[in-house]
Amino acid sequence: MIVSVSGGKGGTGKSTVAVNLAALLSRGRRLVLADLDVEDPNDHILLGVGLEREEPVNVMLPFVDYRRCTKCGVCGKVCDTGAMLISPQGVPFLIPRLCSGCRACYFACPEGAIVEGGRTIAYTYLTDVSLDGAEFELVTGSLREGEEHTPPAVLAAKERALSLDADVHLIDTSAGTGNSVATAVDGSDLLIAVTEPTPLGLHDLGLILRVAEELGIESWVVINRAGLGPEDGHVRLAEERGARVAARIPYSREVVESYVGGSPIVLSRPGSEAARALAGLAAMVEEVMG
Ligand code: SF4
Ligand code: SF4
């Protein structure tokens, strides 16, 4: 089973939900947690572990063979990221950090003047996590500083995670509802949308539920920091979208302390109200898993 934890808006606590679910669902089953928030991966920090077994994520980087180039400008026209610029004199030149490695210029050049090179845009890591009865594997995607194209890094980390044998793959996505999030959640059996009781949280909840709907993924809603504001709109929206409100996690100092301490609250403070809410959520996921 593949379960994604997402949320539209940043800072809603989706990583907190993901690492706590990983700690609970890994008991008695093989679990892989994939941190696909490649611009700012932090699951390893919340779990208090380092990043191990690094692998590079390489993409194609084109080079122009100026001996063959006839300055026709076709490569600049087909490049939709603005990476291949054409000078007023018709000479193509590349801005590497804007290049996604899509190869469109390579295939379009009528002179065969584009030569394939490569570069490393990101790394993936595989870390064994062992915490107080919770044992699972963590795959992390991490974009190199200055790089702008997240989907290849998300895809590489996702493929590495899915290549590992497990009963459940848990995917922690980045914020937003763009390509990176769609790439991360595509193929999931369940999407858990973590929101907060604020107007912006409500707005972004609508967006992520729509993404789930478009991709044909069943979605649940988790209201984090419950009690901070009105939740009627969130509940109504969930009903309209056919999503179940699966948990309400109260805002508390204990959640913040466990966050700072680098230990999931379900392990460090299992008796707290927040830990009990997360345990209830994990039990619901287990029920669906059968
Ligand atoms: S498409 Fe090929 S020939 Fe035309 S400008 Fe680009 S590199 Fe030169
Ligand atoms: S590989 Fe794609 S993104 Fe890179 S320069 Fe060529 S067309 Fe543009």
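Some notes on this structure:
- Matching entry among VAL129, VAL154 (being part of a strand (DSSP E or B) and more than 15 Å from ligand 1 (Cβ to nearest atom)): VAL129
- Of all residues in segment 187-205, those that are free of Cβ contacts under 8 Å to residues at least 40 places away in the same chain and open to solvent by less than 30 Å² (accessible area, probe 1.4 Å) total 1.
- Residue that is of a type in the set (Val, Ile, Thr), more than 12 Å from the chain's Cα centre (by Cα) and outside the structural domain of CYS99 (by TED's automatic domain parsing), where the choices are VAL139, VAL129: VAL129
- The residue list PRO96, PRO88 contains one member that is surrounded by fewer than 17 Cβ atoms within 10 Å (Cβ to Cβ) and away from ligand 1 (no atom under 14 Å from the Cβ), which is PRO96.
- Looking only at residues of segment 99-124 that are β-branched (Val, Ile, Thr) and surrounded by 14 or more Cβ atoms within 10 Å (Cβ to Cβ), we find that the one that is farthest from the chain's Cα centre (by Cα) is ILE114.
- From the options CYS75, CYS79, CYS102, CYS109, residue that is touching a strand residue (DSSP E or B) at 6+ places or on another chain (Cβ under 6 Å) and within 11 Å of ligand 2 (Cβ to nearest atom): CYS75
- Taking first residues from segment 161-172 that are on the phi < 0 side of the Ramachandran plot and among the β-branched types (Val, Ile, Thr) and partners that are open to solvent by 10 Å² or more (accessible area, probe 1.4 Å) and part of a helix (DSSP H, G or I), the Cβ contacts under 9 Å between residues at least 6 apart in sequence or on separate chains come to VAL168/MET289; ILE171/LYS158.
- Pick from segment 8-33, criterion small (Gly, Ala, Ser) and within 21 Å of ARG276 (Cβ to Cβ), ranking: surrounded by the fewest Cβ atoms within 10 Å (Cβ to Cβ): GLY28
- Of the residues in segment 34-51, at least one is closer than 11 Å to THR124 by Cα, touching a residue at least 12 places away in the same chain (Cβ under 8 Å), open to solvent by 30 Å² or more (accessible area, probe 1.4 Å) and not assigned by TED's automatic domain parsing to the domain that holds TYR106.
- Residues (farther than 20 Å from THR183 by Cβ and among the hydroxyl-bearing types (Ser, Thr, Tyr)) located in segment 13-28: THR16, SER26
- Leading residue by the ranking (farthest from ligand 1 (Cβ to nearest atom)) among those in segment 63-85 that are under 30 Å from THR150 (Cβ atoms) and open to solvent by 80 Å² or more (accessible area, probe 1.4 Å): ASP80
- Residue identified as modelled with pLDDT under 95 and out of contact with any helix residue (DSSP H, G or I) (no Cβ under 8 Å at 6 or more places or on another chain) among THR177, THR198: THR198
The values are calculated or read from the model by the stated rules, or taken from the named source; none is laboratory data. Keep in mind it's a predicted model, so treat the numbers as computed, not measured. In this analysis, Cβ positions are derived from the backbone assuming ideal geometry, glycine residues included, and neighbour counts consider all displayed protein chains. For the accessible areas, the whole protein counts, side chains as well, though only heavy atoms, and no ligand, DNA or RNA atoms are used. Shrake-Rupley method; radii C 1.70, N 1.55, O 1.52, S 1.80 Å.
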